[in-house]
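Visitor: Here it is: the structure, laid out below.
The values are calculated or read from the model by the stated rules, or taken from the named source; none is laboratory data. Fair warning: this is a prediction, and the values are worked out from it, not measured in the lab. Glycine gets a Cβ as well: all are built from the backbone with ideal geometry, and neighbour counts include every protein chain shown.
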Amino acid sequence: MSTRNKIIAVGGGKGGVGKSIVCANMAVTLALTGQRVILVDGDFGASSLHALLGISSPKYGFREYFDHSGLDSNGEDALLLDTGIANLKFVSGAGDIPGSADINIKNQNKVISYIQSLEADHILMDLGPGTNFHIIDYFNIAGKNVVVSTPEMTSILKSFSFIKATLFRRISQEFKSNSDIQHLLDLSKNPKAAEECYEISSLRQKVEDLHPQKLERVNEIIREFKPGLVINRVRRQKDIMMGDNLLKLAKKYLDVDVTLLGYLIESDDVRDSIDEMRPFLIKDPQSKPSENIQRIIGSLTNTNIHLVKKDDSIYVSQQIKLSSGWGQ
Ligand SMILES: Nc1ncnc2c1ncn2[C@@H]1O[C@H](COP(=O)(O)OP(=O)(O)OP(=O)(O)O)[C@@H](O)[C@H]1O
Ligand SMILES: [Mg+2]
């Protein structure tokens, strides 16, 4: 598998929707199936992923990495922290400096190169909220892009904006030296662009008018972008259906195919696991939320995963599905 395809980024425009919970438990599930997994805290504004794994104060994190002297003689290797879970390593965002601020472009590139150099079967990256470029750029280094949303329409709309910002950023990065296309896409410098290019059809039309030879590449970028969706905090059947709204919006306005990977129910098991600083997958792999996450990983890896706990050990049975899976 290419490095890009090994990277699974978990994002979504809205704060507090459960990105970190979903990402951490996805990483644990993959590790429990015997694959080498590295979980990376890519939320530099409010790193807290370590707490979900039971690490109260990470010894090293990216903050020390930016100031290289902050690491010990092992250099970069010192960033790979043990989690106490077999096959799962963790890279912390914050280190022991509280309240880390936004990172500059030099450090951002450093983090991206570091993540791309990691050796593992899967690298999961938990991102912070919002749609600013440095979050989107992390999201875009991944071959598998997971968006987490709650069923509320406000969250669905934020997720749509996040997907749109991600797509536009991909096109913008591809045509860096083309000022016409930059102008069309640069929503921050050109507020009108938000309206004019609300629909991908109008963007396509404008690109065709200005640079017809570039249209096919734009179409390719749209086709290659296949985000997966996880609906979190599901309380009733109707909540799962809310995901369809995002699938329809993304198809209608962006021509992007979003796949519903699965959902996670609203549950005290989830809340308790946060309070106890222990992933719910480890606590009870047969609880409802744990089964939800296994379904999500199943959609991601095109397998049926079933984890069972017996005498304090967790066992896995895993079968390859015959039908084709996400992104295939
Ligand atoms: N399935 C769930 N059941 C119950 N509570 C949940 C569930 N998912 C999330 N929560 C609650 O929502 C809180 C926020 O979750 P989490 O930190 O994963 O969100 P986030 O999207 O990563 O937030 P941020 O945008 O700040 O990074 C949790 O601490 C928990 O209280
Ligand atoms: Mg988070």
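Visitor: Mind listing just one residue for me: the one in region 274-288 that is assigned to a helix (DSSP H, G or I) and touching a residue at least 40 places away in the same chain (Cβ under 8 Å) and, of those, nearest to ligand 2 (Cβ to nearest atom)?
Guide: The qualifying residue nearest to ligand 2 (Cβ to nearest atom) is 274.
Visitor: Residue check, residue 287 against (1) closer than 28 Å to residue 325 by Cα; (2) surrounded by 14 or more Cβ atoms within 10 Å (Cβ to Cβ); (3) at pLDDT below 95, all met but one. Which one?
Guide: (3)
Visitor: Looking only at region 234-249, which residues are in contact with a Phe, Trp or Tyr (Cβ under 9 Å, 6 or more places away or on another chain), part of a helix (DSSP H, G or I), crowded, with 18+ Cβ neighbours inside 10 Å and not acidic (Asp, Glu)?
Guide: Selection gives 243, 246, 249.
Visitor: Within region 103-115, can you find the residues that are outside any helix (DSSP H, G or I) and either within 16 Å of ligand 1 (Cβ to nearest atom) or of a type in the set (A, V, I, L, M, F, W, C) (or both)?
Guide: 103
Visitor: Here are some conditions: (1) within 10 Å of ligand 1 (Cβ to nearest atom); (2) assigned to a helix (DSSP H, G or I). Residue 47 meets all but one. Which one does it not meet?
Guide: (2)
Visitor: Now for a different question. Which condition breaks for residue 30 when tested against (1) closer than 23 Å to residue 119 by Cα; (2) within 8 Å of ligand 1 (Cβ to nearest atom); (3) aliphatic (A, V, I, L, M)?
Guide: Only one criterion is unmet by residue 30, namely (2).
Visitor: Moving on. Looking at region 289-305, which of the residues that are in contact with a helix residue (DSSP H, G or I) (Cβ under 7 Å, 6 or more places away or on another chain) and assigned to a strand (DSSP E or B) is nearest to ligand 2 (Cβ to nearest atom)? Outline the logic, then answer.
Guide: Filtering region 289-305 down to residues in contact with a helix residue (DSSP H, G or I) (Cβ under 7 Å, 6 or more places away or on another chain) leaves 289-290, 293-294, 296-297, 304-305.
Restricting the remaining residues to those that are assigned to a strand (DSSP E or B) gives 304-305.
On the way: 304: 28, 305: 24 Å.
Among them, the one singled out is 305.
Visitor: Give the residues of region 197-249 that are within 16 Å of ligand 2 (Cβ to nearest atom) and out of contact with any Pro (no Cβ under 8 Å at 6 or more places or on another chain), sorted by residue number.
Guide: Step one: of region 197-249, the residues within 16 Å of ligand 2 (Cβ to nearest atom) are 230, 232-233.
If the condition is that a residue be within 16 Å of ligand 2 (Cβ to nearest atom) and out of contact with any Pro (no Cβ under 8 Å at 6 or more places or on another chain), then 230, 232 are the ones that fit.
Visitor: Answer yes if at least one residue in region 92-102 is within 16 Å of ligand 1 (Cβ to nearest atom), modelled with pLDDT under 95, closer than 30 Å to residue 312 by Cα and surrounded by 22 or more Cβ atoms within 10 Å (Cβ to Cβ), and no otherwise.
Guide: Looking for residues that are within 16 Å of ligand 1 (Cβ to nearest atom), modelled with pLDDT under 95, closer than 30 Å to residue 312 by Cα and surrounded by 22 or more Cβ atoms within 10 Å (Cβ to Cβ), one finds at least one in region 92-102, hence yes.
Visitor: Exactly one of (1) at pLDDT 85 or above; (2) within 16 Å of ligand 2 (Cβ to nearest atom) is unmet by residue 33. Its number?
Guide: Result: residue 33 passes all but (2).
Visitor: In the list 263, 315, which residue meets the criterion of being part of a strand (DSSP E or B), among the hydroxyl-bearing types (Ser, Thr, Tyr) and over 27 Å from residue 150 (Cβ atoms)?
Guide: Result: 315 is the single residue among 263, 315 that is part of a strand (DSSP E or B), among the hydroxyl-bearing types (Ser, Thr, Tyr) and over 27 Å from residue 150 (Cβ atoms).
Visitor: Does residue 51 meet the test of being within 15 Å of ligand 2 (Cβ to nearest atom), out of contact with any strand residue (DSSP E or B) (no Cβ under 8 Å at 6 or more places or on another chain), within 30 Å of residue 303 (Cβ to Cβ) and touching a residue at least 12 places away in the same chain (Cβ under 8 Å)? I'd like the intermediate steps shown before the answer.
Guide: Numbers: within 15 Å of ligand 2 (Cβ to nearest atom): yes; out of contact with any strand residue (DSSP E or B) (no Cβ under 8 Å at 6 or more places or on another chain): yes; within 30 Å of residue 303 (Cβ to Cβ): yes; touching a residue at least 12 places away in the same chain (Cβ under 8 Å): yes.
Here the answer is yes, as residue 51 does meet what is asked.
Matching residues to (1) surrounded by fewer than 14 Cβ atoms within 10 Å (Cβ to Cβ); (2) at pLDDT below 95; (3) β-branched (Val, Ile, Thr):
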| site | (1), (2), (3) |
| --- | --- |
| 121 | no, no, no |
| 141 | no, no, yes |
| 172 | no, yes, no |
| 195 | yes, yes, no |
| 200 | no, yes, yes |
| 206 | no, yes, no |
| 210 | no, yes, no |
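Visitor: In region 63-91, how many residues are at pLDDT 85 or above and under 22 Å from residue 128 (Cβ atoms)?
Guide: Residues meeting the conditions: 8.
Visitor: Looking at this structure, is residue 34 surrounded by fewer than 24 Cβ atoms within 10 Å (Cβ to Cβ) and under 13 Å from the mean Cα position of the chain (by Cα)? Steps first, answer last, please.
Guide: Values: surrounded by fewer than 24 Cβ atoms within 10 Å (Cβ to Cβ): yes; under 13 Å from the mean Cα position of the chain (by Cα): no.
Taking the combined requirement at face value, the residue does not satisfy it.
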